Every structure is written in C-alpha cells, then in structure tokens.
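Read through the structure below, which is laid out as structure tokens, and then see the notes.
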C-alpha cells in the first residue's frame, strides 16, 4: 500500500472513531446522524458516482473513434491524387 492510500485509510478510521466519541444523540435527526461512518461512506459513494458518470459522459460525447480522421491526409506532406 502506498503512503497516500495508507494516509486515507488512517484518516477514515480516525474519522469513524471520532464520530463514536463526539457525536451524541441530538433529538430528532436524519438517519445518517445515528450511524457512525455514514457521512464518510455517503461522501465516498457520491464522489465515486460523480467520477463514473463523468467518465461515461466523456466517452459518449467527447471521444472519437480511432478512424475518425482516416479520410484526412495521413502525413502533412502527402498529396492526394486529384490535388496536383
């Protein structure tokens, strides 16, 4: 495991432990407040969804097929038959 991954895992574990220690019941609250680590998991899933959706949209709208420029000149100095 590289140092960045290890730091992320350690930060995640510390975050969950601190939620057990400092987050108490505050009356009526949404579901996520009562589950330790909920915001950590929710944020990770949200970021992963953003990355996956962006990748899919990029593949659909931005990427071109490999033969997209096949009708063009293959090299800058090349002359077509009808051009001289």
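For the stretch 13-34, the set of residues classified as under 28 Å from the mean Cα position of the chain (by Cα), at pLDDT below 75 and surrounded by 10 or more Cβ atoms within 10 Å (Cβ to Cβ) consists of 32, 33, 34, listed by residue number. Look at the stretch 4-22: where a residue is free of Cβ contacts under 8 Å to residues at least 60 places away in the same chain and at negative phi and a partner is in a helix (DSSP H, G or I) and surrounded by 10 or more Cβ atoms within 10 Å (Cβ to Cβ), sitting 6+ places away or on another chain with Cβ atoms under 9 Å, you get 12/40; 12/44; 15/39; 15/40; 16/40; 19/38; 19/39; 19/40.
The values are calculated or read from the model by the stated rules, or taken from the named source; none is laboratory data. All values reported here derive from a predicted model rather than from experimental measurement. Reconstructed Cβ throughout: ideal geometry from the backbone, glycine too, with neighbour counts over all protein chains shown.
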